[in-house]
1. At 222 nm, what value in deg cm²/dmol follows for the chain if DSSP H runs of at least 4 each add -39500 (n - 2.57) and the sum is divided by all its residues, to the nearest 500?
2. How would T34, T344 line up from fewest to most surrounding beta-carbon atoms within 10 angstrom?
3. Specify the angular offset, from 0 to 90 degrees and rounded to the nearest 10, of the alpha carbon long axis of helix 68-78 from the longest principal axis of the alpha carbons in the chain.
4. Could you please rank S39, S70, placing first whichever residue has the fewest other Cβ atoms within 10 Å of its Cβ?
5. Can you work out the Karplus-derived ³J(HN,Hα) for every residue in segment 245-251? Use 6.51 cos²θ - 1.76 cosθ + 1.60 with θ = phi - 60°, whole Hz, and x for glycine or proline.
6. Could you run the Karplus curve 6.51 cos²θ - 1.76 cosθ + 1.60 with θ = phi - 60° over segment 265-273 and give me ³J(HN,Hα) per residue in whole Hz, x for Gly and Pro?
7. Once fully extended, how much extra length lies between L40 and R118, figured as 0.36 nm per residue of separation less the alpha-carbon to alpha-carbon distance?
8. Only sites in a loop by DSSP and with at most 16 other Cβ atoms within 10 Å count here; which trypsin sites (Lys or Arg not before Pro) in segment 270-334 make the cut?
Amino acid sequence: MDLEFWRNKTVFLTGHTGFKGAWMSFWLHQLGATVFGYSLSPNTSPNLYEKLELDKKIKSVFSDVTDLESLKKEIDLARPEIIFHMAAQPLVQYSYRNPYETFKTNVLGTVCLLEAVRYCSSVRAVVIVTTDKCYQNNEYVRPYRESDRLGGDDPYSSSKACAELVTASFQKSFFSSGLGHKDTCAIASARAGNVIGGGDWAEDRLVPDLIRAIENKKILTLRNPGAIRPWQFVLEPLRGYLMLAQRLCQDGIKFSGGWNFGPADNESATVEWIVSKVYEELGITADWKMAGEQYFEEKKILRLDISKAEEIVWRPVLSAEESIKYTARWYASYLSRENLCQITKEQIEQYEKLIK
């Protein structure tokens with residue numbers, strides 16, 4: 001990864017108040033980029049945006065990604081070279097309770113972002129961040145490839161598959177070589193999920209639920225302890241997004257399309273294993289119970305084929321166990337009321353040494 005590439009780059013980032021968005025904003029700031037964030041206000045307490053003091057590090061606008069005129073105005077003012085679209089309603093359970101909001105944010109939000117880009121001549125690369133759940137999950141044992149069918153039974157997964165279709169349509173209709181097309185800008189989608197790391201406080205996510213259980217001295221409830229997922233530390237996919245954006249800038253539409261970013265297949269692990277390892281790293285005896293009957297069914301197996309990412313010279317550098325160590329160390333700092341900007345900076349610097 002060429003870390004110097006990002007120095008003095010102007011980057012527009014939607015969803016900068018979320019878990020991955022806050023990590024990306026902090027990392028880009030560390031790399032010397034000028035970052036413009038566009039997102040709703042933080043919706044958890046605590047939240048990583050405030051813990052990392054991002055209001056002092058980047059330029060921030062709190063607005064809705066589905067407000068096209070506001071989005072067009074802010075992108076035009078920022079004049080970015082690169083855009084990362086990370087704004088989303090990212091939770092499966094929440095999508096059952098609020099399907100309209102989920103589809104509006106994840107589908108219409110993507111439409112609005114790409115429509116705004118059509119009118120900004122400075123933009124050279126756009127990375128639309130979706131999810132590993134955008135594939136029609138038939139619970140194959142084999143990992144899913146980028147060429148596999150898109151789909152989703154739950155509203156969240158379906159909305160992200162729709163966002164992928166929107167991205168492909170805009171890319172082919174408006175951002176590829178041809179008469180009247182904006183072929184100076186290249187667009188790609190990034191598919192990653194089951195991301196763990198410090199600073200995630202979202203509802204109904206495994207590690208945040210575990211940390212809340214510890215704080216509140218309660219027993220952790222697990223819905224599906226045997227489910228297999230491609231767990232990865234937050235900086236792993238973020239590096240993939242950065243490397244993909246760089247290649248889009250340098251080589252154009254050759255690198256358009258969908259890209260999987262996940263752990264090596266032999267590093268996928270069960271929910272129960274992740275829980276036991278996090279407790280172990282925190283020096284606490286594992287304590288969990290099964291959830292009661294659910295009103296929705298979760299898929300038991302999800303794996304990603306990441307071989308395509310080798311084309312941009314990306315591959316994971318952390319094992320699942322190492323990812324857990326990073327994550328647990330961050331939350332240990334949080335529980336001990338240590339400086340969270342410092343531990344985040346240290347973890348980024350440690351990670352950068354691994355990828356040079």
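1. Details: 12 runs with 137 residues, N = 356.
That calculation yields -12000 deg cm²/dmol at 222 nm.
2. Values: T34 18, T344 23.
Listed from fewest to most nearby Cβ atoms, that is T34, T344.
3. 80
4. S70, S39
5. Each residue of segment 245-251 in turn: 4, 4, 5, 5, 5, 7, 10 Hz.
6. 4, 6, 9, 4, 8, 7, 4, 4, 5
7. Numbers: separation 78, 0.36 × 78 = 28.08 nm, distance 2.27 nm.
Stretched out fully, the L40 to R118 stretch lengthens by 25.8 nm.
8. Values: sites: K277, K289, K299, K300, R303, K308, K325, R329; in loops: K299, K300, R303.
Sparse-neighbourhood loop trypsin sites (Lys or Arg not before Pro): K300.
Any read-out appearing in this document is the output of simple, stated calculations on the displayed coordinates, not a laboratory observation. Please read all numbers here as calculations on a predicted model, not as lab measurements. Cβ atoms come from the backbone with ideal geometry, glycine included; neighbour counts cover every protein chain shown.
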